[in-house]
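Notes follow the structure.
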Ligand code: AMP
């Protein structure tokens with residue numbers, strides 16, 4: 001037996017001398033370096049007593065070295081557990097207590113602050129953004145080229161990613177070798193990745209989008225990544241002539257659109273722009289196409305399912321939709337209560353099944369059981385519909401659904417109307433406790449120049465939406481709270497304005 005996931009990457013290498021990762025400090029790492037360095041990390045982990053199935057938790061800044069460490073963990077047969085760099089010591093304490101890793105790798109600058117959180121972990125190593133630290137030193141002491149990959153089958157775990165968890169405790173999604181390998185293969189295929197591709201990679205690598213969707217797809221095709229530590233529109237523009245693809249969250253596109261240098265000419269070397277992790281406004285899609293000539297390819301997935309749908313590479317990339325289910329993925333929309341399958345254009349719960357779907361939540365058998373149907377479909381928690389042409393539309397998270405006076409209000413429908421008003425930049429529609437209605441539809445709005453006042457917004461909507469969908473209040477803010485993946489944090493808004501109606 002081979003190491004199922006790493007075998008895919010090995011097989012994808014066309015030329016060992018080809019660069020796999022280039023970083024802004026001018027360093028270039030080849031596929032031969034990737035093999036040697038990930039082998040050295042794997043050997044160091046095995047020498048430290050890491051056994052197959054052991055977790056290796058990592059909270060470090062983005063660098064090429066983290067990718068080699070990730071692959072080293074996989075090759076050692078262990079389970080890679082990346083943690084958001086924004087997590088506080090208290091949060092890290094929860095994750096380490098829950099996952100019980102054999103090794104925890106952190107930034108040397110945080111080693112002291114994390115001492116308490118990591119007190120139960122047998123071995124703590126360090127790694128900084130420049131690739132220095134005790135983890136790197138442990139790898140330096142090994143001959144990586146000699147490492148024999150630990151055999152792992154398709155069903156063995158490769159990674160645990162904690163979900164962002166906006167309600168309750170974060171849950172660890174267990175991802176198998178085949179969850180990741182099969183999805184990477186599909187993405188290479190449907191997005192036409194080859195060894196000639198050069199991807200602008202400005203996403204974090206502790207999240208599924210940057211770590212698996214972007215990195216695994218490029219590694220499986222033998223291409224190259226230009227690593228940026230974070231979204232930096234000017235640097236991205238400067239890199240575009242050298243690149244063939246970029247994967248981003250919607251914020252990448254809205255920020256780049258503010259750059260006067262974004263033109264057809266600037267983007268002419270690129271063959272593919274993708275967006276996901278949060279809804280891309282139809283307006284952004286249109287503006288991008290007008291400025292660059294490219295239709296952004298929007299796709300949909302989540303930590304638990306990897307990629308589930310994608311707009312087509314050839315064919316219409318329809319703004320406001322996330323395209324078709326990927327090959328091997330079954331997707332259906334059901335009535336959330338009865339589980340009965342709904343017809344075209346009917347809004348309900350999106351459920352998916354396929355090799356992409358995770359193995360369950362780490363040490364939470366009850367939560368896992370509650371989120372799967374008896375026939376194996378995973379209940380995503382996203383509400384949406386499939387239109388007559390087969391395109392999937394996401395309406396929002398189920399928990400963001402507003403029930404006002406007994407009627408269901410889908411926030412996206414109201415947001416689309418508000419965003420279409422002159423002078424409005426964007427909006428988030430939430431339900432707040434209300435003594436009469438149960439929940440009151442409330443719009444939190446970012447206004448631009450010439451934005452209408454509250455009463456004018458309500459008046460404009462009354463002509464377009466049924467009365468029960470119209471916001472009871474419209475609150476203006478400077479910006480909407482977002483997490484690192486660009487998702488609007490409606491839970492933060494709900495907490496902030498909880499007492500508005502005295503409910
Ligand atoms: P995460 O597990 O952090 O990747 O978050 C997954 C969630 O992000 C999904 O369940 C959706 O609610 C949302 N999401 C991902 N892609 C899209 C998209 N293209 N449009 C709308 N929502 C999306």
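Couple of notes before you dig in:
- For the stretch 187-208, filtering for residues that are within 16 Å of the ligand (Cβ to nearest atom), surrounded by fewer than 24 Cβ atoms within 10 Å (Cβ to Cβ) and assigned to a helix (DSSP H, G or I) leaves 1.
- Condition check for residue 181: touching a helix residue (DSSP H, G or I) at 6+ places or on another chain (Cβ under 9 Å), crowded, with 20+ Cβ neighbours inside 10 Å and in a helix (DSSP H, G or I): yes
- Residues within the stretch 428-440 that are at negative phi and over 28 Å from the mean Cα position of the chain (by Cα), tallied: 7
- Entirely in the stretch 400-503, the strands (runs of 3 or more DSSP E) that have 3 or more residues that are in contact (Cβ under 8 Å) with a residue 12 or more places away in the chain and either out of contact with any strand residue (DSSP E or B) (no Cβ under 9 Å at 6 or more places or on another chain) or closer than 22 Å to residue 347 by Cα (or both): 402-404, 424-434, 438-447
Let's see how each residue does on (1) modelled with pLDDT of 95 or more; (2) in contact with a helix residue (DSSP H, G or I) (Cβ under 6 Å, 6 or more places away or on another chain):
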{"site": "440", "(1), (2)": "no, no"}
{"site": "446", "(1), (2)": "yes, no"}
{"site": "464", "(1), (2)": "no, yes"}
{"site": "470", "(1), (2)": "no, yes"}
{"site": "475", "(1), (2)": "yes, no"}
{"site": "482", "(1), (2)": "no, no"}
{"site": "485", "(1), (2)": "no, no"}
{"site": "489", "(1), (2)": "no, no"}
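- Cβ pairs under 6 Å, 6+ apart, first in the stretch 170-185 and modelled with pLDDT under 95, second assigned to a strand (DSSP E or B): 170/162; 171/361
- Looking only at the stretch 476-494, and only at residues there that are surrounded by fewer than 17 Cβ atoms within 10 Å (Cβ to Cβ) and farther than 17 Å from residue 397 by Cα, the one that is nearest to the ligand (Cβ to nearest atom): 479
- Scanning the stretch 372-389 for residues that are in contact (Cβ under 8 Å) with a residue 24 or more places away in the chain, under 29 Å from residue 176 (Cα atoms) and not in a strand (DSSP E or B) gives 373, 377.
The values are calculated or read from the model by the stated rules, or taken from the named source; none is laboratory data. From a predicted model like this one, the values you see are computed outputs, not experimental measurements. Cβ coordinates were reconstructed from backbone atoms using ideal geometry, including for glycine residues, and neighbour counts include every protein chain displayed.
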